[in-house]
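What follows is a set of notes on a single structure, which appears directly below.
The values are calculated or read from the model by the stated rules, or taken from the named source; none is laboratory data. Treat the numbers as computed from the prediction; the structure is a model and nothing was measured. Note that we place each Cβ from the backbone using ideal geometry, even for glycine, and neighbour counts take in every protein chain shown.
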Amino acid sequence: MLDSIIKLLIGDLEEKRVYKQFMKRVDALPKDYRFAFRKIQHYMFSVGPPGGDMTIFTDLTMFTNLVDLFEESAAEGRQVLDVIGCDVGKFSDEFMRASVTNTETLREKLNKEIMEKFNMKEQ
């Protein structure tokens, strides 16, 4: 009961911890990458994902993938504009579209595996 009240008042503490750790990774990016990440994140939240499926924002997978890309690129010594190009909106849209496609693919795979399992039991 007390846990339910705490979650209602302040939210899920584990989710907040994960988010804070994630933001530490963002803060550790080189200045140009950090600036670009925050602008891209703001853009993505403003325009929303293609198809309006806001569930891609409920976990950090898409943004974690972006931070991974930025960390790897920075470690290779690449400039941020070499990674995202001059049309950052297009880069952001394509990045979201790829995330949505990946989510749909995972959903399809999950559904297929479950259906196959149930069909095997029914035989």
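Has the stretch 108-118 got at least one residue that is modelled with pLDDT of 90 or more, among the charged types (D, E, K, R) and part of a helix (DSSP H, G or I)?
no
Taking the stretch 1-34 only, how many residues are at pLDDT 85 or above and either hydrophobic (A, V, I, L, M, F, W, C) or closer than 30 Å to residue 81 by Cβ (or both)?
Selection size over the stretch 1-34: 17.
Within the stretch 35-48, is there a residue that is at pLDDT 95 or above, among the basic types (Lys, Arg) and in a helix (DSSP H, G or I)?
Within the stretch 35-48, one or more residues are at pLDDT 95 or above, among the basic types (Lys, Arg) and in a helix (DSSP H, G or I).
Any residue in the stretch 76-93 that's free of Cβ contacts under 8 Å to residues at least 60 places away in the same chain and over 16 Å from residue 62 (Cα atoms): show its pairings with residues that are among the small types (Gly, Ala, Ser) and surrounded by 15 or more Cβ atoms within 10 Å (Cβ to Cβ) at Cβ separation under 6 Å, as long as the two are six or more apart or on different chains.
80/36; 83/73
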